[in-house]
Amino acid sequence: MILTGPEIVRQRELRALTIEPFNPGQVNPVSYNYRLGPTLKTHRSAVLDTRADHELDEFEIGEDGVLLEPGRIYLGTTVEVIGSAQFVTSLIGRSSLGRLGVFMQFSADLGQLGACHRWTLEIEATQPTRLYAGMSAGQVTFSATVGAPLPYDGYFGRRSEATVRPAGLLTGH
């Protein structure tokens, strides 16, 4: 069961879910619009290895925005701290960005119970496209669970900066 926009507002007021900062104008019929944070990161190496650690270059998005290059993966964050111990979060990109060939949250869109932070955004552009800090980037939905909860206590649960998992955790070693 997905929460409606008015129910997202109500559950936030009851402190059953977190969206901070909160703007009532970003509430949709069944979601809340999240915004793109002020920094992006990209992999330093052109060749990646799932058994190696990955260094990231970080840069601020200027007033004139940032021009995304095709063929690169960018990691950003939401402006908002989002999460809940009672509802499962799911982040997707805006369809208006998808129509421009910008794909957001194409791999890891499902949050976990108990994780509450600025969410890492996976961003890829199929053609050169300019993005701006603070722009509406996608929607977050909240779903009720069935059964006994198993709160998340993993690597990304409390991180509010864009990051990749250390190599040992990627390979299960």
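Can you spot a residue in the range 54-66 that is farther than 17 Å from residue 137 by Cα and assigned to a loop (DSSP other than H, G, I, E, B)? Yes: the range 54-66 contains one or more residues that are farther than 17 Å from residue 137 by Cα and assigned to a loop (DSSP other than H, G, I, E, B). Of all residues in the range 1-23, how many are surrounded by 12 or more Cβ atoms within 10 Å (Cβ to Cβ) and basic (Lys, Arg)? So the answer is 2.
Within the range 67-87, none of the residues are loosely packed, with under 11 Cβ neighbours inside 10 Å, farther than 30 Å from residue 31 by Cβ and touching a residue at least 24 places away in the same chain (Cβ under 8 Å). Checked against (1) at pLDDT below 85; (2) surrounded by 14 or more Cβ atoms within 10 Å (Cβ to Cβ), residue 153 meets all criteria but (2). Residues of the range 140-153 include none that is in a strand (DSSP E or B), farther than 11 Å from residue 88 by Cα and not β-branched (Val, Ile, Thr).
Filter the range 46-61 for residues that are of a type outside the set (D, E, K, R) and in contact (Cβ under 8 Å) with a residue 60 or more places away in the chain; which is surrounded by the most Cβ atoms within 10 Å (Cβ to Cβ)? The selected residue is 61. Collect the residues in the range 105-142 that are of a type in the set (Phe, Trp, Tyr) and farther than 11 Å from residue 76 by Cβ, keeping them in residue-number order. 106, 132, 142 - these are the residues of the range 105-142 that are of a type in the set (Phe, Trp, Tyr) and farther than 11 Å from residue 76 by Cβ. Restrict the check to the range 24-45 and report whether at least one residue is loosely packed, with under 13 Cβ neighbours inside 10 Å, in contact with a His (Cβ under 9 Å, 6 or more places away or on another chain) and either assigned to a loop (DSSP other than H, G, I, E, B) or among the hydroxyl-bearing types (Ser, Thr, Tyr) (or both). Yes, the conditions are met somewhere in the range 24-45. Picking from residues in the range 113-132 that are in a strand (DSSP E or B) and free of Cβ contacts under 8 Å to residues at least 60 places away in the same chain, the one that is farthest from the chain's Cα centre (by Cα) is 125.
For residue 18, the test of being modelled with pLDDT of 95 or more and under 16 Å from residue 120 (Cβ atoms) is failed. Among residues of the range 1-23 being part of a helix (DSSP H, G or I) and acidic (Asp, Glu), the one that is nearest to residue 145 (Cα to Cα) is 7. Just one of the numbered conditions (1) closer than 12 Å to residue 142 by Cα; (2) touching a residue at least 12 places away in the same chain (Cβ under 8 Å); (3) of a type in the set (D, E, K, R) is not true of residue 12: (2). Count of the range 80-112 residues, restricted to those that are farther than 25 Å from residue 17 by Cα, assigned to a loop (DSSP other than H, G, I, E, B) and touching a Ser or Thr at 6+ places or on another chain (Cβ under 6 Å), is 2.
The values are calculated or read from the model by the stated rules, or taken from the named source; none is laboratory data. Predicted model, so just to flag it, every value in this text is computed and none were measured. No Cβ is skipped: glycine too gets one built from the backbone with ideal geometry, and neighbour counts run over all protein chains shown.
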